[in-house]
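Reviewing the structure listed below.
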Amino acid sequence: MFRPIDGQIARRRITLRVEEQDVHASEGDSLAIAMLQAGFDRFRETPVSGAARAPLCLMGVCFDCLVEVDGVANVQACMVTVRDGMRVRLQRGARRPEVAQ
């Protein structure tokens, strides 16, 4: 499906967790590409209708690839490089409001 242009260069394999599932990726891949290659066809649900969304542009314009990364919501998966041990959750609905203490 997706192949790096520099297909001749060996890259280190890493493992991240997406929804409690191990996902293997190559160092330097975007999170969106790693998730698509692992078979994820939905990254988030809209807050009003619950409609499924997945990456559309893969360049940070559409915001349809928002996920939670290491506890931080609203991260654009297409703009983040994978890290070994990264923990990702799909985003469902609107994020929780920040409450000042």
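The values are calculated or read from the model by the stated rules, or taken from the named source; none is laboratory data. What you see is a predicted model, and the numbers here were worked out from it, not measured in a lab. Methodologically, a virtual Cβ is constructed for each residue, glycine included, from the backbone with ideal geometry; neighbour enumeration extends over all protein chains shown.
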Handout entry: Tally, over region 72-101, of residues that are at pLDDT 95 or above, out of contact with any helix residue (DSSP H, G or I) (no Cβ under 7 Å at 6 or more places or on another chain) and either part of a loop (DSSP other than H, G, I, E, B) or polar (S, T, N, Q) (or both)
Key = 6
Exercise for the section: Might you let me know whether region 32-47 holds any residue that is under 11 Å from the mean Cα position of the chain (by Cα), surrounded by 16 or more Cβ atoms within 10 Å (Cβ to Cβ) and assigned to a loop (DSSP other than H, G, I, E, B)? Expected result: yes
Completion exercise
Here the qualifying pairs (Cβ atoms under 6 Å; residues six or more apart or on different chains; first in region 38-59 and under 22 Å from residue 16 (Cα atoms); second surrounded by 12 or more Cβ atoms within 10 Å (Cβ to Cβ) and of a type in the set (S, T, N, Q)) come out as 44/91
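Table: residues versus (1) in contact with a helix residue (DSSP H, G or I) (Cβ under 7 Å, 6 or more places away or on another chain); (2) within 15 Å of residue 15 (Cβ to Cβ); (3) among the acidic types (Asp, Glu).
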| residue | (1), (2), (3) |
| --- | --- |
| 36 | no, no, no |
| 39 | no, no, no |
| 43 | yes, no, no |
| 64 | no, no, yes |
| 70 | no, yes, yes |
Practice task
Would you please list the contacts, defined by Cβ atoms under 6 Å and residues six or more apart or on different chains, that run from a residue in region 1-16 that is modelled with pLDDT of 65 or more to a residue that is part of a loop (DSSP other than H, G, I, E, B) and surrounded by fewer than 12 Cβ atoms within 10 Å (Cβ to Cβ)?
Solution key: 14/84
Problem - Pairs with Cβ under 6 Å, 6+ apart, first in region 22-37 and on the phi < 0 side of the Ramachandran plot, second small (Gly, Ala, Ser) and part of a helix (DSSP H, G or I) - result: 23/34; 25/34; 31/77; 32/77
